[in-house]
1. List, in order, the whole-Hz ³J(HN,Hα) value for each residue of region 142-148 obtained from phi through the Karplus relation with A = 6.51, B = -1.76, C = 1.60 and θ = phi - 60°; use x for Gly and Pro.
2. Taking the mean number of other Cβ atoms within 10 Å as a proxy for protection, how do you rank 268-275, 165-172 from highest to lowest?
3. Please find the FRET efficiency linking Thr56 to Ser281, where r is the Cβ-Cβ separation and R0 is fixed at 22 Å, and quote it to the nearest 0.05.
4. Which listed residue (Gln195, Ser76, Trp60) has the Cα farthest towards the positive end of the charge dipole for the chain, taking +1 on Lys and Arg C-beta and -1 on Asp and Glu C-beta about the Cα centre?
5. In the chain, with Lys and Arg counted as +1 and Asp and Glu as -1 at Cβ, which of these residues, Phe109, Val43, Ala173, has the Cα nearest the positive end of the dipole, that is, farthest along it?
6. Mind sorting out which of (i) 25.1; (ii) 22.1; (iii) 20.0 is the real Kirkwood radius over Cα pairs in Å computed from the coordinates?
7. What distance in nm separates the simple spin-label points at Phe162 and Arg208, each placed 7 Å from Cα in the Cβ direction?
8. Using a 1.4 angstrom probe with every protein chain in place, what is the largest-first accessible-area order of Phe153, Phe68?
Amino acid sequence: MSTTSVTPASGTTGPPVTALLPESELPVVARRHPWRWVGVAAVLVLLAMFVHGLATNPGWDWPTFFQFFATRTIFSALWVTVQLTVYGTVLGFVLGAVLASMRLSSSPFLQVVAWGYIWAFRSIPLIVQLLFWFNIAYLYKELSLGIPFGPEFVHFSTNNLFGPLGAAVLGLALHQAAYAAEIIRGGIISVDARQTEAAAALGIPKLRQFFRIVLPQAMRSILPNGANEVISLFKGTSIVSVMAIPELFYQVQVIYGRNSRVVPLLMVATVWYIVLTTLLSIVQYYVERRFARGTTR
């Protein structure tokens, strides 16, 4: 309902009378957004031009794309890429959780060690780390266990310590751990410290405080950044092609090195990266929704 003032008739006295009018009698005018529609039209035109170019430009060579898109070689390379991503993610986040707990500990020694690790592995480019682990036998012919600067009890050659795939997993995991540590630490410190103080005042054990109070809230901050790191690692596995590991990008390079069909083979890798990245994004959405239960924006 709305109000309006009615003036008394001439010859009468008294204050104006307030009358109630139904809301349906009031005109409601929606706010106009002309530039929004201009932007939508511009984007649709650009999208249509892009799709038209994909369909009509012979340089994309779609017959070659479909010829190699679902071959056994590509599927085998895709499986290697998935393995590298899974191993690097699991090992990286496990080590990252340890480093994050060290950064948050009250021990200056643990804090310095964790900070030094994170500083070093974030400073050195990933490709340099991978090549270092791949060529570790060049630097150290043998490794041994024993007393420092004293007798050595066990010797083993580094030539057979791990193969190219093991070196790639080790390099990706150690690199990922440095970033995962800061993501986990940032999520934990985002939880209001007064909640743990209140839990301690109620006599709740520290371990239960962490898993029942801190971690569920920290996950809402950890998940978006963590998922970005997993997706980045999935695409970053292409860098191990310098080690001649038969992952997706390396196999694509081998194929177009033979038939000189560079663009359609690159599109094969691109589409598979898009497909799996989309699946990871869908998983991220549902996991985030689960941990966001009971919260409102």
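1. Along region 142-148, the couplings run 9, 10, 9, 10, x, 7, x Hz.
2. 165-172, 268-275
3. 0.15
4. Gln195
5. Looking along the dipole axis, the top candidate is Val43.
6. (i)
7. Those two pseudo-labels are separated by 4.0 nm.
8. Ranking Phe153, Phe68 by accessible area, largest first, yields Phe153, Phe68.
The values are calculated or read from the model by the stated rules, or taken from the named source; none is laboratory data. The structure displayed is predicted, hence computed values, not measured ones. Please note: Cβ atoms are built from the backbone with ideal geometry, for glycine as well, and neighbour counts cover all protein chains shown. Areas reflect the complete protein model, heavy atoms only, side chains present, ligands, DNA and RNA absent. Shrake-Rupley method; radii C 1.70, N 1.55, O 1.52, S 1.80 Å.
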